[in-house]
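Input: a single structure, listed below in structure tokens.
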Amino acid sequence: MSQSTYYLEYGRHLARLRRRRRRAYAPTSNTASHDNHEKINSWVSFSFLYEYEAPLGGPSGRRSSAKKDKVSNFWLKHLVSLHEDLAKAYTKVIEQPEETPEWLTEGITYLLPKTEETKNPKNYRPITSLPTMYKILTSIIAERTDTFLNEHQLLPSEQKGCKRGSYGCKDQLLINKIILEDCKTKKKNLSTAWIDYKKAFDSVPHTWIIKCVEIYKICPVTVNFIAESMKCWKTT
């Protein structure tokens, strides 16, 4: 086994372990159902903090810094008496996005230098720290949407970015390296092309995001929540 193949298999092994740990850590009762994509009430059960351990640090108890809402992931994870009320609040916000509080969609943006040439504004990468409560809410929606897309096989197998169980660019780079090694070993001809989009994420209009979720038949309640929350996005 080549070194590239080893790293690729090791990455997939880690992804499998994370999925097993998530299932083992989830409670056996009061778990939100994935069966009906249209029922928003089934999306946010009071056990969601155990179902979606990723935004809360998982069973390891990993602490995360407080954001705009000053809420620490660690305490939100372990104050289980609050979970049922939080689930009700989340459900209300999703169904009635016009009642979303302003602080929920407000982030703090930090400019991180990409190079040592800090005089040029182009050499900074903006990173926005979102409120913990908003990240949990969007993580729940992302989880339900991902389940819906996978169950109906709507995502192409070639897609690596923004896909659960994938390492994005790392996966593609490893696959590319394996192909190159195979061609060198067997002395094959190979032509490849890489396309680098400048500010790819920044250049996507919000209207196209809404159009995409509508094309994929995502729950209309969710589409409405995303569209309304976009209008309230702001950062300081």
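Structure notes:
- Test: Arg125 is over 21 Å from Thr105 (Cβ atoms), outside any helix (DSSP H, G or I) and in contact with a Lys or Arg (Cβ under 7 Å, 6 or more places away or on another chain): yes
- When residues of the range 58-81 are limited to those that are surrounded by fewer than 15 Cβ atoms within 10 Å (Cβ to Cβ) and assigned to a helix (DSSP H, G or I), the one modelled with the lowest pLDDT: Trp75
- Residues of the range 117-136 satisfying the condition of being over 29 Å from Lys70 (Cβ atoms) and at pLDDT 85 or above: Glu117, Thr118, Lys119, Asn120, Asn123
- Taking every residue in the range 72-94 that is touching a residue at least 60 places away in the same chain (Cβ under 8 Å) and within 25 Å of Met230 (Cα to Cα) and pairing it with any residue that is among the hydrophobic types (A, V, I, L, M, F, W, C) and assigned to a helix (DSSP H, G or I), at least 6 positions away or on another chain, the pairs with Cβ-Cβ distances below 6 Å are Ile94/Ile40; Ile94/Phe225.
- Only one of Glu98, Glu158, Glu84 that is acidic (Asp, Glu), open to solvent by 80 Å² or more (accessible area, probe 1.4 Å) and in a loop (DSSP other than H, G, I, E, B): Glu158
- In the range 129-145 there is no residue matching the filter, namely being over 26 Å from Cys232 (Cα atoms) and either open to solvent by 100 Å² or more (accessible area, probe 1.4 Å) or not in a helix (DSSP H, G or I) (or both).
- Matching residues in the range 129-166 - criterion: being hydroxyl-bearing (Ser, Thr, Tyr) and closer than 22 Å to Ile94 by Cβ: Thr132, Tyr134, Thr138, Ser139, Thr145, Thr147
- Criterion violated by Ser191 - all others in (1) open to solvent by less than 60 Å² (accessible area, probe 1.4 Å); (2) over 30 Å from Gln96 (Cα atoms) satisfied: (1)
- Scope the range 101-118; condition open to solvent by 70 Å² or more (accessible area, probe 1.4 Å), under 18 Å from Phe225 (Cβ atoms) and touching a Phe, Trp or Tyr at 6+ places or on another chain (Cβ under 8 Å); matching residues: none
- Yes/no for Ile178 being over 23 Å from Thr145 (Cβ atoms) and among the aliphatic types (A, V, I, L, M): yes
- Selection status of Lys163, open to solvent by less than 80 Å² (accessible area, probe 1.4 Å) and either touching a Gly at 6+ places or on another chain (Cβ under 6 Å) or without any contact (Cβ under 8 Å) to a residue 40 or more places away in the chain (or both): yes
- Those residues of the range 204-236 which are open to solvent by 80 Å² or more (accessible area, probe 1.4 Å) and in a loop (DSSP other than H, G, I, E, B), in sequence order: Tyr216, Lys217, Trp233, Thr236
The values are calculated or read from the model by the stated rules, or taken from the named source; none is laboratory data. Because the structure is predicted, anything quoted here is derived from the model rather than measured. Every residue, glycine as well, gets a Cβ built from its backbone with ideal geometry; the counts of neighbours run over all protein chains shown. Quick note on the areas: whole protein, heavy atoms, side chains included, nothing else; ligands and nucleic acids left out. Shrake-Rupley method; radii C 1.70, N 1.55, O 1.52, S 1.80 Å.
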